[in-house]
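A.B. asks: Structure in structure tokens, see below.
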Amino acid sequence: MAEERRKCLKARQKWGLRGGGALSAWGGKGRGLQPPLAGRGGPLGSSPARRVADMAGSRLPRHLFLQGVAAIFMFAFASLYTQIPGLYGPEGILPARRTLRPQGKGRWQQLWETPTLLWEAPRLGLDTAQGLELLSLLGTLLALGALLLSQLRHLLTYLLLWAAYLSVCQVGQVFLYFQWDSLLLETGFLAVLVAPLRQPPHRKQAPQSKLAGASPHEGLSFWLVRWLLFRLMFASGVVKLTSRCPAWWGLTALTYHYETQCLPTPAAWFAHHLPVWLHKLSVVATFLIEIAVPPLFFAPIRRLRLAAFYSQVLLQVLIILTGNYNFFNLLTLVLTTALLDDVHLLAESGSSRRKKMPTSWPRALLAMLALLLELAIYGLLAYGMVHCFGLEVDWEQYAIHSRTSECQLGAQRAGAGPPLLTPLSSAAFTFHQFSQWLKTVSLPTMWLGAASLAWELLTALWRWTQVRGWLQKFCAAAQLSIFGAATVALFMISLVPYSYMEPSTHGRLWTGAHRLFGTVEHLQLANSYGLFRRMTGLGGRPEVVLEGSYDGHHWTEIEFMYKPGNVSRAPPVVTPHQPRLDWQMWFAALGPHTQSPWFTSLVLRLLQGKEPVIRLIQNHAPTYPFHKQPPTYVRAQLYKYWFSQPGEQGRWWRRQWVEEFFPAVSLGDPTLETLLRQFGLQDKSPPRARSSSSPLTEALYWVRKQLSPLEAPTLLWGLLATVGAIRVMQALLGPRPSPPAREKQRPAPREDSGATSKQAAPAPSNSSRSQTPRRKK
């Protein structure tokens, strides 16, 4: 055996094959020459370096992550581009030019305090809104290029995408104050660290061989994606209970969620009418997936991480099917790639699986203990779910009951009034008990993350020790030092917003972490999360309906393209587009109009008949009831909406008038002028007219004219179809390694070592080399 390995090493040195080379994985006795498995680019067989490489086999997940981030950026920029004139243009609801006013500070200080590239728009002859259009177009094209061309998945590409979206968010005002915008910024910055510094040289080689030769630091930065996914999911589950929302505590939240969410899909109607016991069980499953499962992201047992991955995918897919949450759930799915590894994605053949079976009794014992531990964890999760929520099965009524406090659904189902919500009663656990539990586990979860990060650092250091050559070792050390320091710093920064959910833990954090977070907080490198904190619309979905009139007596409803209005219209499917005005209309209905100052500006633009704003409501002019002449009066009414009952033909909704939301006003009305002056929305400085249009301005106008007839979802789906078609063409027409080319690499080892070449010839090796590339393509 020692003689065989010595001959193998001699052949490797002759061909310049180091750890991660094209033919770096040599089998043991009787295995012959085999292609390297994903992430196994280290030295021979079962050496420690190779085992470390197995644990860090994340090259394919990193590629998927970078492609997914590029796709999300493409959707985000393209979706925003279609809405810029109506939201931020000179005639928009909140003109962007009001947000960037020079304060007499230095150029770099101004850029640091308000980090946006739009400060440079005047140098290009553009106003702020036109600069937004340019950034959105360039961001869309750059993200599309990174999605299609691997050469563009470079650190600089993702740095530009992140900087462009950060620039947009600085002037986006209330229409870009969503958690998924912050999540995209944080994910985009992590993509900067995950993206390679340089692309490997193009060589005709087996696809699996491209996975080898990873730099020691590459898996280190990717760990931050897993930590971000943990913070997002764990906090989203915890805030549902810390909010004291009776619907979440009573396990009845999903009996309201499907009809009260911002933009439901047609599937939400069917989900809403599922049995109540199934809704309760779904809420328990949600708590399980969001609170109990996330710690398994850092489990040393691979199957536990994969189980956590599929549970998160299941939750996100169900949300996508029943709600239009733009790119948020797609972005969360991109984050879940951090739970995968190369071996799982390559779907190894049966022979590869047999090769991984332990042969010695110590390894067999460890495998058995790992399996027992895995089964124990599954059993503990199931027992905890039943015990903590007091689940009981009623076999006579085929229902599931819970000892937690419940909401009376009869009145809400019948539409007769608000539901009777009982206070938090004695349950399987109380709010105080949960608060104490949260206080107990908050700090240990941080230590869990720190321990996992320490392991990643040790793994990276071990991989660095395997680098050959003093120059390569020096370069790898420099990269590992830089990216390692950045990873540790971002982890420390993220602890501050993560601890917001538990105030006492937040106060015990290291003061240096607070100072570091305060320094870069405006860059949104780390954010706090917590979705669906409280269930709204428990007495019916509040909805604002705008109305216009020419005489003040006969009123016509102004229907939006996406949000509920006409009770006979089916809910639309618009993912991954986010109609930001429709979303803000949903938030506006939750309180008085004075809490949404932009609503007064919307009323003003409708009275003025501004086309950019009208296109946010109806993209096709003939469908807007006042397309020929602006209305003389505009007002808003507040309604309560409920899903229709099964059997009501031709109706998706039922509604009931509640009260007047915004009084009837006209241009020059004292009430309107007072509100505009109170909120600072008066046009004190109208846009400066330019003497001549620059070529760049004309180009932007031409692009806008070509794309304006398309509805935003159609544009985004068209981009997605284009990407799919191009990827199919690349797969069909791209170069493939031919069998003769692979055979030409084999005679040389035969000349160097006859014994080794005889072991390289058997059929299993050839089969492995020929089948794996086809499966990869």
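A.B. asks: For the range 619-650, how many residues meet the condition of being surrounded by 14 or more Cβ atoms within 10 Å (Cβ to Cβ) and either farther than 21 Å from HIS257 by Cα or of a type in the set (Phe, Trp, Tyr) (or both)?
C.D. replies: 17
A.B. asks: Looking only at residues that are in contact with a helix residue (DSSP H, G or I) (Cβ under 7 Å, 6 or more places away or on another chain) and hydrophobic (A, V, I, L, M, F, W, C) in the range 139-156, which one is surrounded by the most Cβ atoms within 10 Å (Cβ to Cβ)?
C.D. replies: Only one residue fits best here, namely ALA143.
A.B. asks: Just for the range 350-387: of the residues that are exposed (fewer than 10 other Cβ atoms within 10 Å of the Cβ) and of a type in the set (Ser, Thr, Tyr), which one is modelled with the highest pLDDT?
C.D. replies: SER360
A.B. asks: Turning to a different aspect of this structure: So for the range 540-561 (the condition being aliphatic (A, V, I, L, M), over 30 Å from HIS627 (Cβ atoms) and part of a loop (DSSP other than H, G, I, E, B)), does at least one residue qualify?
C.D. replies: no
A.B. asks: Taking VAL573 as the residue in question, decide whether it is modelled with pLDDT of 95 or more and in a loop (DSSP other than H, G, I, E, B).
C.D. replies: So VAL573 fits the description; yes.
A.B. asks: Can you find even one residue in the range 302-310 that is hydroxyl-bearing (Ser, Thr, Tyr) and either over 28 Å from CYS388 (Cα atoms) or surrounded by fewer than 19 Cβ atoms within 10 Å (Cβ to Cβ) (or both)?
C.D. replies: yes
A.B. asks: Which ones in the range 483-507 are free of Cβ contacts under 8 Å to residues at least 12 places away in the same chain and loosely packed, with under 15 Cβ neighbours inside 10 Å?
C.D. replies: If the condition is that a residue be free of Cβ contacts under 8 Å to residues at least 12 places away in the same chain and loosely packed, with under 15 Cβ neighbours inside 10 Å, then ALA485, PRO503, GLY507 are the ones that fit.
A.B. asks: Return the only residue of VAL192, VAL168 being touching a helix residue (DSSP H, G or I) at 6+ places or on another chain (Cβ under 9 Å), more than 28 Å from LEU461 (Cα to Cα), modelled with pLDDT of 95 or more and assigned to a helix (DSSP H, G or I).
C.D. replies: It is VAL168.
A.B. asks: Looking at (1) at pLDDT 95 or above; (2) surrounded by 22 or more Cβ atoms within 10 Å (Cβ to Cβ); (3) closer than 24 Å to LYS705 by Cβ, find the lone condition where PHE73 falls short.
C.D. replies: It is condition (3) that PHE73 fails.
This table checks each residue for (1) aliphatic (A, V, I, L, M); (2) closer than 23 Å to GLU186 by Cβ.
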position: GLU91; (1), (2): no, no
position: ARG101; (1), (2): no, no
position: THR114; (1), (2): no, yes
position: LEU132; (1), (2): yes, yes
position: LEU155; (1), (2): yes, yes
position: ALA164; (1), (2): yes, yes
position: VAL168; (1), (2): yes, yes
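A.B. asks: Could you give me the residue pairs with C-beta distances under 9 Å whose first residue belongs to the range 245-267 and is more than 20 Å from VAL386 (Cα to Cα) and in a helix (DSSP H, G or I), whose second residue is polar (S, T, N, Q) and modelled with pLDDT of 95 or more wherever it lies, and which are 6+ apart or on separate chains?
C.D. replies: Short answer, once both residue conditions are applied: HIS257/THR322; TYR258/THR322; ALA267/THR322.
A.B. asks: Just to verify a result, which residue in the range 332-349, among those that are modelled with pLDDT under 90 and aliphatic (A, V, I, L, M), is surrounded by the fewest Cβ atoms within 10 Å (Cβ to Cβ)?
C.D. replies: The extreme case among them is ALA347.
A.B. asks: Might you let me know whether the range 521-535 holds any residue that is in contact with a helix residue (DSSP H, G or I) (Cβ under 8 Å, 6 or more places away or on another chain), over 30 Å from VAL192 (Cα atoms) and surrounded by 20 or more Cβ atoms within 10 Å (Cβ to Cβ)?
C.D. replies: Yes: one or more hits.
A.B. asks: Oh, and also: How many of the residues in the range 612-622 are farther than 19 Å from LEU80 by Cβ and assigned to a helix (DSSP H, G or I)?
C.D. replies: The qualifying residues number 2.
A.B. asks: A further question follows. Going through GLU120, GLU133 one at a time, which residue ends up being farther than 22 Å from LEU490 by Cβ, among the acidic types (Asp, Glu), assigned to a helix (DSSP H, G or I) and over 24 Å from the mean Cα position of the chain (by Cα)?
C.D. replies: After applying the criteria, what remains is GLU120.
A.B. asks: Where residues in the range 463-508 are among the charged types (D, E, K, R) and in a helix (DSSP H, G or I), which of them is nearest to LEU224 (Cα to Cα)?
C.D. replies: Per the criteria, the residue is ARG463.
A.B. asks: When you look at LEU44, is it assigned to a loop (DSSP other than H, G, I, E, B), modelled with pLDDT of 50 or more and surrounded by fewer than 23 Cβ atoms within 10 Å (Cβ to Cβ), yes or no?
C.D. replies: So LEU44 does not fit the description; no.
The values are calculated or read from the model by the stated rules, or taken from the named source; none is laboratory data. Keep in mind the model is a prediction, meaning the values are calculated, not measured. As a convention, Cβ positions derive from the backbone with ideal geometry for all residues, glycine included, and neighbour counts pool all protein chains shown.
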